[in-house]
Amino acid sequence: MATLTTNKNFLSPVGFQLKINSNKYANLEYFCVSATLPGFSLPAVDTPYKGTNLAFTGDRIVFEDLVLRVSITENFENYIETFDWMHSLMQSDKPEDLKEDGTLLVLNSHNNVSKEIKFNSMFPTNLSGIEFNTQSTDIEMVQCDISFAYTNFEFI
């Protein structure tokens with residue numbers, strides 16, 4: 001039986017930090033401005049039976065990608081970190097050794113860590129393009145999106 005929470009504060013979308021291997025990806029970690037907690041699904045398995053399909057519960061969870069948005073530094077350090085990581089994965093004889101565990105730290109209303117969401121064996125799969133535009137009337141900092149695949153995530 002579920003019980004009603006005693007904490008009636010709502011989750012703030014600005015209270016988070018990303019932790020990944022800061023020895024290799026310090027700029028990616030520091031300049032992350034947005035993270036989307038991925039959705040996941042448990043697809044039903046259709047089984048034919050007498051002219052119809054019966055739906056049974058699936059046995060495999062499908063995770064969406066972890067998507068981060070980072071502000072690009074003037075010298076492209078965080079973009080190049082990810083670019084090099086992707087190239088290393090492609091050229092490595094042991095790409096499994098290049099995967100990293102990462103943690104999304106969710107902060108409460110007092111900026112203390114309230115939840116840790118660990119992503120196991122993550123690696124970048126998509127690095128978005130960067131738009132340069134001389135016609136912009138407002139100066140907006142350049143950002144890019146990075147998609148990560150991973151084995152699973154868990155609340156710790």
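The values are calculated or read from the model by the stated rules, or taken from the named source; none is laboratory data. The shown structure was predicted, so the numbers you read here are calculated from the model rather than taken from an experiment. Here the Cβ is made from the backbone with ideal geometry for all residues, glycine too, and neighbour counts use every protein chain on show. SASA here: full protein model, heavy atoms, side chains in, ligands and nucleic acids out. Shrake-Rupley method; radii C 1.70, N 1.55, O 1.52, S 1.80 Å.
Of the residues P38, P43, the single one that is under 17 Å from T103 (Cβ atoms), touching a strand residue (DSSP E or B) at 6+ places or on another chain (Cβ under 8 Å) and of a type outside the set (A, V, I, L, M, F, W, C) is P38. All told, F155 meets the bar of being touching a residue at least 40 places away in the same chain (Cβ under 8 Å), open to solvent by 30 Å² or more (accessible area, probe 1.4 Å) and under 26 Å from L11 (Cα atoms). Taking the residues in the range 83-97 that are open to solvent by less than 70 Å² (accessible area, probe 1.4 Å) and in contact with a strand residue (DSSP E or B) (Cβ under 8 Å, 6 or more places away or on another chain) as candidates, determine which candidate is farthest from N27 (Cα to Cα). Out of the qualifying residues, it is P95. Where residues in the range 100-119 are surrounded by 16 or more Cβ atoms within 10 Å (Cβ to Cβ) and among the charged types (D, E, K, R), which of them is nearest to K8 (Cα to Cα)? The qualifying residue nearest to K8 (Cα to Cα) is K118. Given the structure, is S12 out of contact with any helix residue (DSSP H, G or I) (no Cβ under 7 Å at 6 or more places or on another chain) and at pLDDT 95 or above? Spelling it out, it is not the case that S12 is out of contact with any helix residue (DSSP H, G or I) (no Cβ under 7 Å at 6 or more places or on another chain) and at pLDDT 95 or above. Looking only at the range 82-100, residues that are under 16 Å from T151 (Cβ atoms) and touching a residue at least 24 places away in the same chain (Cβ under 8 Å) come to 6 in all.
Out of curiosity, is V45 in contact (Cβ under 8 Å) with a residue 40 or more places away in the chain and either open to solvent by less than 70 Å² (accessible area, probe 1.4 Å) or polar (S, T, N, Q) (or both)? Against the criterion (in contact (Cβ under 8 Å) with a residue 40 or more places away in the chain and either open to solvent by less than 70 Å² (accessible area, probe 1.4 Å) or polar (S, T, N, Q) (or both)), V45 does not qualify.
Might you check whether a residue that is small (G, A, S), in contact with a Leu (Cβ under 7 Å, 6 or more places away or on another chain) and part of a loop (DSSP other than H, G, I, E, B) occurs anywhere in the range 94-109? No, because not a single residue in the range 94-109 is small (G, A, S), in contact with a Leu (Cβ under 7 Å, 6 or more places away or on another chain) and part of a loop (DSSP other than H, G, I, E, B). Any residue at all in the range 110-123 that's of a type in the set (D, E), over 19 Å from the mean Cα position of the chain (by Cα) and at negative phi? Scanning the range 110-123 turns up no residue that is of a type in the set (D, E), over 19 Å from the mean Cα position of the chain (by Cα) and at negative phi.
Residues in the range 67-82 that are of a type in the set (S, T, N, Q), open to solvent by less than 70 Å² (accessible area, probe 1.4 Å) and out of contact with any helix residue (DSSP H, G or I) (no Cβ under 7 Å at 6 or more places or on another chain): S71 only. What residue, among those in the range 8-42 that are within 18 Å of K115 (Cα to Cα) and basic (K, R), is least open to solvent (accessible area, probe 1.4 Å)? For the range 8-42, the residue satisfying everything is K19.
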